[in-house]
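Take a look at the structure below.
The values are calculated or read from the model by the stated rules, or taken from the named source; none is laboratory data. Model, not experiment: these values are computed from the prediction. Cβ atoms come from the backbone with ideal geometry, glycine included; neighbour counts cover every protein chain shown. Quick note on the areas: whole protein, heavy atoms, side chains included, nothing else; ligands and nucleic acids left out. Shrake-Rupley method; radii C 1.70, N 1.55, O 1.52, S 1.80 Å.
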Amino acid sequence: MQVQKSKPGPNQILAVAARLFAEKGYSNVSIRDVCKEAKTSAPMIYYYFKDKKGLFRAAVSEKLSLGQFISRLQETSETKDIPKVVASFVKIYLTAFPEAAFDPGLYMRETAKLDNRSAELVSRQLDEVQTIATSLVEKGVRSGDFRAVNAEEAADCLVGMLNHVVFQKIHFSRSLDIDGKGDVITSFFLNAMRP
């Protein structure tokens, strides 16, 4: 009796395609490459995704979602203790940042220009992160834990310090002491914001 192999579904195809696009960029990945790696056929890819651009859009949309990360950051504001909120925000930012969203291959089209749709999606989601940080600062100012400042600019400073660490790790493959960096950023920010 022969065991029939199951055909890969759209999720398995997407996982392979996302990895290949991230590693090689859009123009350097063919439908044939995806078929070979996913152990499927071109008609299956065309059935699920219409064409290579459809496959790319689906793979990028799935990889570029910062939704879970944003939800976790929003949860930090549920506490009243501002120093704990800042420490929690920093820890989540540094340990849960979705690094896969910044694989350069996910932004590249066949012309080697940034894919505007992907860049706009990430930009909107990063704006949400900025809004959370701004509301955190506003809360600290209202409670008297922070001095009166422009909340947006203070949030820019906090997010900028966090992004510096995250992008050192992502783009330069630096091995970093995330807990130590988080402690320094938290301490620095809280001292800078003291009334």
Please note which helices (runs of 4 or more DSSP H) are completely contained in the range 3-119 and include at least 1 residues that are of a type in the set (F, W, Y) and either crowded, with 16+ Cβ neighbours inside 10 Å or modelled with pLDDT of 70 or more (or both). 10-24, 42-49, 52-63, 67-75, 82-96
The one condition in (1) within 30 Å of K80 (Cβ to Cβ); (2) open to solvent by less than 40 Å² (accessible area, probe 1.4 Å); (3) polar (S, T, N, Q) that Q168 fails to fulfil: (1)
So F146 ticks every box in (1) out of contact with any Gly (no Cβ under 6 Å at 6 or more places or on another chain); (2) modelled with pLDDT of 95 or more but one. Which box is left unticked? (1)
State yes or no: is K39 farther than 30 Å from T131 by Cα, of a type outside the set (G, A, S) and within 23 Å of the chain's Cα centre (by Cα)? no
Give the residue, chosen from D127, D156, that is open to solvent by 80 Å² or more (accessible area, probe 1.4 Å) and either aromatic (F, W, Y) or under 16 Å from A192 (Cα atoms) (or both). D156
Suppose the filter is modelled with pLDDT under 95, within 19 Å of the chain's Cα centre (by Cα) and open to solvent by less than 40 Å² (accessible area, probe 1.4 Å); does L162 pass it? yes
